[in-house]
Every structure is written in structure tokens, then in C-alpha cells.
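Only the coordinates and a few stated rules stand behind these numbers; no lab work does. As the structure is a prediction and not an experimental result, all values here were calculated from the model. Glycine gets a Cβ as well: all are built from the backbone with ideal geometry, and neighbour counts include every protein chain shown.
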Amino acid sequence: MNTPNPFNITTAVDYSDEEINKYWVDFTSHDKNFLQLMKTESPMPMYILGGKGSGKTHILRYFSFNSRKLVYREDFLSKITADQYLGIYLRCGGLNSSRFQGSSFSNETWRTLFAYYIELWFAQLLLQVVEEVVNNTDVVRDEIEICREIVTTLFDRHLDDDLQSFNAVNLYLRDLQKKMDYEINNCSVTGKINIGMEILVSPGKLIFGIPKVLRQKTGIFKNFQFIFLIDEFENLLEYQQQHINTLVREREAPVTFRVGARWYGVKTYKTFSGDEDIKEGSEYEKYIIDKIFRENDDFYEKFVKEICLRRIRESGYSLVPNRSTDFDFSNYYDQYDISGFLQKVASKGEKAGHLITLKSKLTGRAKSNDIQSIISNLRFPLDVIVERTNVFIFYREWKRNKRGNLVNISESIKDESVIYFENLDDSIHTRHAKVLDKFKNDIVDQLFKESQEKIPYVGFDKLTKMSVGIPRLLLITLKHIHRWSIFQGEIPFRKDRIGFDAQMRGVEEASNWFIEDARIAGANGRRVSDVIKRLGQYLQELRFSDTPPECSICSFSLNVNDVDEDIRKVLDYLEQYSYLINVPERTEKNSVRKFVTYQINGLIAPKWDLPLFRRGIIQFNREEVSAIFGEDNEDYERLRRTKMNKYNVPFSDANLSQSLFDEFTNDSAY
């Protein structure tokens, strides 16, 4: 049976224009959608930023003429007139911008050549679109006059009179560009550029001039906006971005711009207009796509659900119901049976992992009879979560009162556990209620770890949460899951639900890919990969320590004053590539010191058994920042051992400087 993988293609660059439309899904949030975000009727330029895989390319290509014309097939004229804009799409990745630097030429020479090249390139793409419109509508009857106007008024010297069609002008521009390509590509070898290569047009003259002529000379373009959709802006060098910024700032109607880039990919907002920055709000608008997704969780879940359904159905699977609002992915992806797991742990009695671990920690620190009494007091056969909470509270009390009578402590906890269990509706002030209010998920995950079983990261909702507002991360995860499902003999979306094991293996594979991608990216890849592993391990050991300092540990904050330039670069890299997600800044109580807070990416979380939902935030002190994000692995190992001794039996505080976070630890609440 043919079982195609609906999630094989994860990048919009690989789509044809037809597939861009086929797989398009609108994002609707509080009565807004992508059309309202793009504001195709607005002359205000826009920078559309986002993490790798957030969907920028798909958005820009969808609003391009090459994609829209597929919608115009029937009744072309009325539909394009209704749109009232032409989207001219171009990828900076295809420019190979690094050619425009080096050799023996001055920066000014390269700046002039690049500006001229951009004129030729943009104008060609524009005229290709115009020619298609003309051929499909047959409404432009003054093509010769329009071309004569372009040739005589926009170029800096007189050109041949035989350029009397859009195609002829475009071929002429293409020939000029080819000559430039030849000279620029060979200058690194020859060390020179042909002196006979002329600059025939001033910056912006064609980009702004051709649309003006079209608007003046034709009826169809009279009220049109011409939008240059510039994708992969991050591939341009800084001075090249400065040139585009200058075009954005000095735009002339009816031209405007939508610039797409990875959100860290804008190297500068400066222009060549007095070296001034373009001003957000008055000269351009800015949107960060994945941030919008993360701020609208419910809408994002519906959005990616529809993306997945579209792909599954386009791959030939018949799914019911047809409306995505009624579709339940739990019918196709197994959920984990937590109750069955808890029963399994409870059935082990005193041989359960958490009790065996406790017994080993007590051995040598308490008499054998006392150890048995403590274990007996903390046992709670009626509810294994209450039992693990007993152990949790016992460790806290042991840490707080190291010289106290451990048997008496366990007896007190035993009495309170009965009160809590028998009065669940009226036990909000008990220690058990307070612990479980914050730490229940951690306690359940502790049971998994102590039972030597994998913590389940399964179910479509949890997989969606792991993608942290970046649809490609979800698609990559689902791609690996689908492959594992087929490998294990399942027939997904037709006969079988995708099982727990296939999901776990797929998540593990996607997580490993994401981490490995950090190692191979850039000169500092190995350093960054080491930092990710240190951070994951450190948070994991804190979370699964005997007395975790916070609940749901997957986030940390640090004082910006504790970060030197070297570590700042590492943090920027991790944030730029979405390994860390920046959450809103906060100011410390009674202080003006600023802290920046990060949450670890959900796709990394399973690697170190971390939660997907953020609650408690660990505050790193200067020592921790230096050890985790620095270069010396020995410093990190030394810090880790010392720090973990503080949170694990025997709870040693040996020479560890106290972080501000410790002053506000939840220990004091119980």
C-alpha cells in the first residue's frame, strides 16, 4: 500500500508556485489574517522577520504575482483589478552578494556596481510581470509609447530606438546584467573590471520610474501598487542592506517594499541618506512572525493543524471530517496512558524507584530500623503521586533541618498526607496541596526517571507546543515520526494510529537533528553545541534534584551586567537560531537592574527531559553564566558538582556563592 510521507518537504523554497497556493493556510487571530498583516493596499514599507522556518518565504511567495496569477486563470482582469497590486518576488539568496566585495576595488566602487546591478535585476523582474499582465489582458495598447518613455527619460544616455516592446527592453536589461555578471565573476582572477562597462542608470531610477510611467500611460495600472517582495534579506552584506534601506526610505509612489529576513538577519537599519537609520513606525513597520504565533497560542494551534491536514489530504489520504475545526488528531496519534503507568509504579510497593533511591540516600546516614520506619511512614499505597510528594517534602525538610530527627519528620508527613487525601476539597493550606499546585508535573516526571522509563513527549497537542511558534520544527518532527511509523509496520492515516514508540523515536531524531544543526553552523558551531549541552544538562539536574529550586524548570534569567561580549555573542547566536526563546524582560524587585529571560526551545526539551510549559524561572548568577556559556569545560564541571551538592543529599553548601534567586526560593513557602 502506498503510504507517502505528507511532511517530506519542509521549506517553501522547494515548492513550485502551484504548491505555494496548494499548501497555503491563512493565519487568523482576533479578526486579523496574513492579508491584513501584509497590507497590500498600504504604501508603508514593511520588514517581516522571523526565525528559520517561521513561514516568511511562504507568505512572500503567496502574495507574489507568480502565485497570484494561478488564482487569476479565469476572469484574469477582474481578479487582478480587485487585488490592486503587483507583487514582484525576489530572493537575495540567488544574488550571491559576496561577489560584490574584495579584489582591488574600493568600497565606493562596489557600492556603485551593486546599486546598478540591483536596478537591472529589479527592473527585469518587474517588466516580466508587466509583460504577463499585458499578454493576459490585452488592455495596454500604447506599449511602444511606454517603452519609448522608459528608454528616453529613465536612462542617463540615449539608447537605441528599436526598444519598442516590454520584451525588447527586458532583453536589453538582461544583456547588460549578463555583461556585469561576466566582469564581476572574473575580476577576482583578472584584478580589473572592463572600463568600457558603463553605468547607464542612476540608483532608483528604474525601480521607481517604470511603475510611474505605467501608471501614467495605462488604465489598468492606474490605481495599482507595485510591491517588491524581497526575501532572504539576511544574505546581503551590510552595505548592500544599507542600499535597500535607502530605497525603502526614499521610495516613490506607487512603489513600496516588503522585506523578509530572519529576525536577526537585519545587519543594519542605516541608509545612505546622511547615514541615518530608517525609523520604525514612520518610515517602515516591523513584524516578527514567530513572536506573533507564540503570543496567540490557540490560533497558532489551529493554524498548524490546518497546515498538517492540508498536507495529509494532498498526499492522498482520506480523512474525516472534512472541516479542520471538527478534526481530532488524537484519533491518529496515540496519547500516553498516564494512569496505567502510575498503577504500574504503585504495584511495585517498596521496590518502586523513588523509594529505593531514598533508601540508598539514607543508608549510612540513619540506622537500619529508622530507615525502614521512614520508608513505611512515607508509603501511600492509595495514591502513588501522594507517596512521591511525601518523599519530595521529606527531602525538603531534611535539607532545612539537617540535624533533625528524620523519623519524626516522616511521621509528620505521614499524618499530613492522610489529611490531604481525605480532604482534597478543603486542603489548600496543606504542604501537599502547595507542592502539588506547582510541582505535580515535575513529580510525575520524577516517577518516570526513577522508574527508568522515558518521559512521554507524544500526542499532537504536545508536538505542536514543542515547535514554539515555528511551523517547520513541527513539520520536521512529524516527518521523522511518520517514517518511524512506517518502519514499525504501521499504516498511518489509513489503518493505524501512530504509536507511542514511533512518536518518541521521531521526536528524538528531530531533537538530535536540531542540536547537530547548531554544531555544524558557523565557525563557533562546536562551542555553541557544547553550550546547549551544558545548559540542557544543568537544567535537567536541577529539575530532577532532591530539592528542585523551582517548578517546571525550562527557563532561566540572567543579569545583563553579568554577560561579557564573548558570552553575549553566544547568547545572541542561540537566540537568533531559536535554540533559546527570549521572553519579556523583567526588573528585579527594589532594583533597576535588568534581567533577560530565556526559555529553552521545545524541540530541545526532550533531550534533557525538560517541560514544555514555562512556570518557574531559574536565575543564574555571574558564576553560573560564566561557567555554562564560557569556553572552559572544567569550570562548568566544577560548578555543576558544587551546585548539585546543594540540592541533593547531603545538601552541602560548600563555598557556593548564593544567587539572588535563592533568596526567593519556594523552600520558604512550606
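Cross-link partners of Lys348 among lysines, defined as those whose alpha carbon lies under 16 angstrom from its own and excluding same-chain residues fewer than eight positions apart: Lys359, Lys449.
Length gained on full extension, Asp162 to Asn401: 76.5 nm, using 0.36 nm per residue less the C-alpha separation. With axes computed from alpha carbons, what is the tilt in degrees of helix 238-249 against the longest principal axis of the chain, rounded to the nearest 10 within 0 to 90? Tilt of helix 238-249: around 70 degrees. Subtracting the Cα-Cα distance of Tyr317 and Met644 from 0.36 nm times their residue separation leaves 112.6 nm of extension gain. From least to most packed, judged by other beta carbons within 10 angstrom and beginning with the fewest, Lys351, Lys462 follow the order Lys351, Lys462.
So which of Lys22/Lys495; Lys39/Lys270; Lys367/Lys438 end up more than 29 Å apart, counting from Cα to Cα? Pairs exceeding the cut-off: Lys367/Lys438. Backbone phi angles across segment 451-460, fed through the Karplus curve with coefficients 6.51, -1.76 and 1.60 (θ = phi - 60°), yield HN-Hα couplings of 8, 6, 10, 6, 5, x, 10, 9, x, 4 Hz in residue order; Gly and Pro are listed as x.
Neighbour counting of Cβ atoms within 10 Å sorts the residues Lys533, Lys279, fewest neighbours leading, into Lys279, Lys533. Here the gap between Glu276 and Arg365, fully extended at 0.36 nm per residue and compared with their Cα-Cα distance, gives a gain of 25.1 nm. Its alpha carbons considered, segment 287-373 gives a radius of gyration followed by a Dmax of 24.3, 67 Å. Summarised as an ellipsoid, segment 44-295 has semi-axes of 28, 27, 16 Å, derived from the eigenvalues of the Cα gyration tensor scaled by 5 and square-rooted, with the largest first. A dipole drawn for the chain from +1 and -1 charges on Cβ atoms has a positive end, and of Val129, Ile604, Trp110 the residue lying farthest that way is Ile604. Within a Cβ distance under 14 Å of Arg111, other residues only, what is the Lys/Arg minus Asp/Glu net charge? After counting each charged neighbour, the total is -2.
Rounded to the nearest 10 degrees, the angle from helix 297-314 to the longest Cα principal axis of the chain is 70 degrees. Per residue, the chain reaches -16000 deg cm²/dmol at 222 nm when only DSSP H runs of four or more residues are counted, each adding -39500 (n - 2.57). By the Kirkwood approach, averaging reciprocal distances over each pair of separate Cα atoms, the chain gets a hydrodynamic radius of 29.0 Å.
Report the local net charge at Arg483: Lys and Arg +1, Asp and Glu -1, summed over other residues whose C-beta lies under 12 Å from its C-beta. Charge balance near Arg483 sits at 0. In sequence order, segment 477-492 has phi-based couplings of 4, 5, 4, 5, 4, 4, 4, 5, 4, 5, 4, 8, x, 7, 10, x Hz under the Karplus curve 6.51 cos²θ - 1.76 cosθ + 1.60, θ = phi - 60°, and Gly or Pro positions carry x. Derived scalar couplings between HN and Hα for segment 123-134 equal 5, 4, 4, 5, 5, 4, 5, 4, 4, 5, 4, 4 Hz in order, rounded to whole Hz, by the Karplus curve 6.51 cos²θ - 1.76 cosθ + 1.60 (θ = phi - 60°), x for Gly and Pro.
When the Cα gyration tensor is reduced to axis lengths a ≥ b ≥ c, the ratio a/c is 1.5 or higher for segment 30-175, and with a/b not above b/c it is classed as oblate. From most to least packed by mean Cβ count within 10 Å, the peptides 81-90, 57-66 give 57-66, 81-90. Straight Cα distances below 20 angstrom link Lys192 to the lysines Lys178, Lys179, with same-chain residues fewer than 8 positions distant left out. Please give, to one decimal in nm, the separation of the simple spin-label points placed at Asp14 and Gln452, each 7 Å out from Cα toward the Cβ. It works out to 3.9 nm between the two label points.
Once C-alpha pairs closer than 8 Å and six or more residues apart are averaged by separation and normalised to the residue number of segment 44-295, the relative contact order reads 35 percent.
Treating each Cα of segment 234-294 as an identical point scatterer and summing with the Debye formula, the log10 of I(q)/I(0) at q = 0.14, 0.16, 0.18 Å⁻¹ comes to -0.41, -0.53, -0.66.
Taking the charge dipole of the chain about its Cα centre, with +1 at Lys and Arg Cβ atoms and -1 at Asp and Glu Cβ atoms, the residue from Tyr182, Phe299, Leu424 reaching farthest to the positive side is Leu424. Across segment 313-451, the relative contact order, built from alpha-carbon pairs under 8 Å that are at least six residues apart, equals 24 percent. Working note: Cα gyration tensor of segment 1-110, eigenvalues times five, square-rooted, sorted largest first, giving semi-axes of 30, 22, 16 Å.
For segment 431-521, the C-alpha radius of gyration divided by 2.2 N^0.38 Å, with N the number of residues, is 1.30. The separation of segment 152-215 from segment 42-103, counted between C-alpha centres, amounts to 23 Å.
Computed from label points 7 Å out along Cα-Cβ, the spacing between Lys495 and Glu238 is 6.1 nm. Cross-link partners for Lys569 among the lysines, with Cα-Cα distance under 20 Å and sequence neighbours closer than 8 places in the same chain left out: Lys52, Lys267, Lys533, Lys594.
Could you tally the net charge around Asn441, taking each other residue with its Cβ under 14 Å from the Cβ of Asn441, Lys/Arg +1 and Asp/Glu -1? After counting each charged neighbour, the total is +4. Using the Cβ-Cβ distance between Gln372 and Arg614 with R0 set to 35 Å, the FRET efficiency works out to roughly 0.30. Annotation for Arg148 and Phe487: the two label points, set 7 Å from Cα along the Cα-Cβ direction, are 6.9 nm apart.
For the peptides 226-234, 18-26, the ranking by mean Cβ contacts within 10 Å, running from highest to lowest, is 226-234, 18-26. Applying both filters, DSSP loop and at most 14 other Cβ atoms within 10 Å, to the trypsin sites (Lys or Arg not before Pro) of segment 160-214 gives Lys192.
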